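Undergrad: Here you go, one structure.
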Amino acid sequence: RSTLFPYTTLFRSLEQPGRDNVKTCYDMIIADCEEALKYLPDLSSNRGTASKAAVYGLLARMYFYRNDFNNALSYADKALALVPVAKKSAWPNIWTDKTTDDVIWKLIKLSGQTTLGTMFFTSDKAAITESSDAIAEMFYSDPNDIRGSVTVTKAPDRDDKTVNRVIKFQGANP
């Protein structure tokens, strides 16, 4: 029996519920998303709050993970109808938070923050958002692939070892 996590609908302070099976968890997540769609705007202006576009994207992912590709495609199309794919020229600005083109939902940095929390990047150059050499090389090997120059940079970590740092989580001023 494959299990995920306990999915509860009632709060009980001392209860330690058992895990539900994968199908039950997906069914409940999908039902919650479908219910949320009734109350959400099509899109939020800052992309950091819930919207139909974000829920459509989440539903597309949930159905994709379930190998239900017809529903995955249907919900992906609905998300992209609300937030079209950006032009290649917009990508550098997406990754430095200068535009919300192509952004369906994102974590928002609070006023005064230069990074997206210390979990992702800290002043001592520690980060958990480093790309493997294989992935970085895949991006860098094709000069027409914008992902290399926009999403990953070579930079020293806190031990002065050169790593493939994911640019996005360094904030607007990497």
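Undergrad: Name the long-range amide H neighbours of residue 163: under 5 Å, sequence gap of 5 or more, or other chain; modelled H, no Pro or chain starts.
TA: Amide H neighbours of residue 163: 155, 157.
Undergrad: Could you give the semi-axes, largest first, of the ellipsoid that matches the stretch 26-96, computed as the square roots of 5 times the alpha carbon gyration tensor eigenvalues and rounded to whole Å? Each step should come with its number before you reach the end.
TA: Numbers: eigenvalues 104, 49, 19 Å².
Semi-axis lengths for the stretch 26-96 are 23, 16, 10 Å.
Undergrad: Considering only Cα-Cα distances, which of the following residue pairs are longer than 27 Å: 52/98; 78/98; 87/154; 38/98; 78/154? Walk me through the numbers before you get to the answer.
TA: Details: 52/98 23 Å; 78/98 25 Å; 87/154 25 Å; 38/98 31 Å; 78/154 36 Å.
Pairs exceeding 27 Å: 38/98; 78/154.
Undergrad: Mind giving me the FRET efficiency for residue 81 and residue 39? R0 is 25 Å, r the Cβ-Cβ distance, nearest 0.05 is fine.
TA: 0.80
The numbers here are math on the coordinates, done by the rules we state, and not lab data. Please read these numbers as outputs of a predicted model, since none were measured by experiment. A quick note on method: Cβ atoms are made from the backbone with ideal geometry, for glycine too, and the neighbour counts reach across all protein chains shown.
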